Amino acid sequence: MIDVFAPIAAAADLTVPAEHRLPVAVVGAGAIVDVAHLPAYRRAGLEVTGLYDLDPARAAEVAARHGVPRTYASLAELLADDRVAVVDIAVSPGAQPGIARQALEAGRHVLCQKPFAPDVATGEELVALAEAGGLKIAVNQQLRFDEGIAAARAMVRAGWIGEPTAMTFSVNILTDWSAWDWLLTTDRLEIVYHSIHYLDAIRSVLGDPELVFCTGSRTPGQLAKGETRTMSTLVYPGDVRALVHVTHENRTGDQEAAFRVDGTLGAVKGTLGLLYDYPHGRPDTLEVNSRVLPTDGWLPYPVTTRWLPDAVAGPMGSLLRAVAEGGEPETSGRDNLGTLRLLEALYASMDSGESRRL
Ligand SMILES: NC(=O)c1ccc[n+]([C@@H]2O[C@H](COP(=O)([O-])OP(=O)(O)OC[C@H]3O[C@@H](n4cnc5c(N)ncnc54)[C@H](O)[C@@H]3O)[C@@H](O)[C@H]2O)c1
């Protein structure tokens with residue numbers, strides 16, 4: 001590793017210190033728990049006490065494959081297990097708020113999936129419930145912790161590209177939604193279940209925009225009911241802008257998933273390796289071009305980990321740090337209210353055909 005990258009790699013490090021580790025129980029044993037949560041927690045050295053799923057056979061099969069010692073017959077049984085400090089919820093989104101409420105009422109810290117809540121009001125209620133109980137609640141918006149994005153953000157924070165002026169995501173892929181019946185039938189699809197990652201990552205670099213415009217569309221012959229192609233424009237004070245352009249109906253096989261942050265003195269750009277062969281993919285690429293360092297043209301940064309499963313350790317590690325040391329997790333429920341507000345503004349814009357002020 002080139003020496004200059006050492007602080008960048010440190011900022012993107014996903015190690016969970018041993019003194020922060022607490023036992024975690026997982027609600028839901030679906031696809032994301034199988035391919036990402038359990039492998040990431042094992043690599044991070046976290047203890048998973050057990051799994052609970054409405055489908056007990058699925059829970060038993062996933063638990064056995066990942067060496068999780070037990071399953072729970074009900075949520076009540078899980079919450080009666082005194083060893084459980086953190087409840088990690090990964091179920092279909094409609095069921096999440098009810099489970100989060102019960103876990104908080106039982107005195108457990110909670111990690112939710114994105115989308116955190118179906119609307120801002122429900123998110124605010126969960127945040128208030130956690131704060132009233134002295135508990136931490138966070139959201140698994142793990143793209144912020146994906147090595148390419150985390151390293152890019154660290155380079156921006158280090159001043160390597162001067163003042164940031166724009167951040168873009170450009171994603172053109174073919175997504176098979178058929179593994180999730182609830183995604184095939186939902187009215188709102190792309191922004192709330194996919195671009196939410198890019199929007200949250202942009203918030204982690206540029207903060208909250210003041211004005212947005214969004215248009216969403218469908219492709220003839222697509223399986224899903226909701227929008228599968230979106231363009232979202234985010235306007236910040238002064239000259240800072242962001243753009244998220246995503247299509248899930250690529251019919252030509254040339255998958256592309258690129259991101260870039262431009263600044264007054266350089267830029268960082270890369271690719272999201274996960275989306276080149278979901279869910280295994282490949283590590284991201286990342287390059288920096290800086291008049292501050294300076295670099296001689298584009299200098300590659302060596303990404304060695306993946307969005308899935310590796311980055312999933314990030315939100316959990318940040319939650320555990322907040323439990324151990326106090327303060328807010330990086331993707332806390334309170335922070336995520338900003339992502340939910342952004343989503344609501346984008347859909348309001350999509351529905352009305354007009355820009356929306358936040
Ligand atoms: N990168 C990411 O952040 C990412 C990726 C994929 C999915 N997700 C999110 O993770 C969640 C789960 O996605 P998935 O792909 O695993 O879905 P899935 O449909 O494969 O699995 C969901 C599981 O939850 C179980 N379940 C549903 N309601 C339940 C309840 N009330 N109690 C216990 N179990 C219940 C189901 O039986 C099923 O096994 C969703 O919110 C989704 O948006 C996030």
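Screening VAL268 on (1) part of a loop (DSSP other than H, G, I, E, B); (2) of a type in the set (Val, Ile, Thr); (3) within 24 Å of VAL303 (Cβ to Cβ) shows it passes everything except condition (1).
Residues are listed down the side, and each one gets a yes or a no for (1) within 17 Å of the chain's Cα centre (by Cα); (2) under 29 Å from GLY238 (Cα atoms); (3) surrounded by fewer than 18 Cβ atoms within 10 Å (Cβ to Cβ):
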| position | (1), (2), (3) |
| --- | --- |
| ALA121 | no, no, yes |
| VAL127 | no, no, no |
| ALA130 | no, no, no |
| GLY133 | no, no, yes |
| ALA151 | yes, yes, no |
| SER178 | no, no, yes |
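THR247 meets the stated requirement of being buried (at least 16 other Cβ atoms within 10 Å of the Cβ) and in contact (Cβ under 8 Å) with a residue 24 or more places away in the chain. Quick check on SER170: is it in a helix (DSSP H, G or I) and at negative phi? No; evaluated as a whole, the condition is false for this residue. Condition test on LEU286, is it buried (at least 18 other Cβ atoms within 10 Å of the Cβ) and either not in a strand (DSSP E or B) or not assigned by TED's automatic domain parsing to the domain that holds ILE202 (or both)? When the stated conditions are applied, LEU286 does not pass them. Which members of the range 199-244 meet the condition of being farther than 18 Å from SER355 by Cα, of a type in the set (D, E, K, R) and over 21 Å from the mean Cα position of the chain (by Cα)? Correct list: ARG218, LYS225.
Taking the range 72-137 as the region of interest, the helices (runs of 4 or more DSSP H) fully inside it that hold 3 or more residues being within 11 Å of the ligand (Cβ to nearest atom) are 96-105.
Which of the residues belonging to the range 59-94 are of a type in the set (Gly, Ala, Ser) and either farther than 20 Å from ALA138 by Cα or more than 23 Å from the chain's Cα centre (by Cα) (or both)?
Listed by number, the residues that qualify are ALA59, ALA60, ALA63, ALA64, GLY67, ALA73, SER74, ALA76, ALA80.
The values are calculated or read from the model by the stated rules, or taken from the named source; none is laboratory data. In this text, all values refer to a predicted model and were calculated from it rather than measured experimentally. Glycine also receives a Cβ, built like all others from the backbone with ideal geometry; neighbour counts cover every protein chain displayed.
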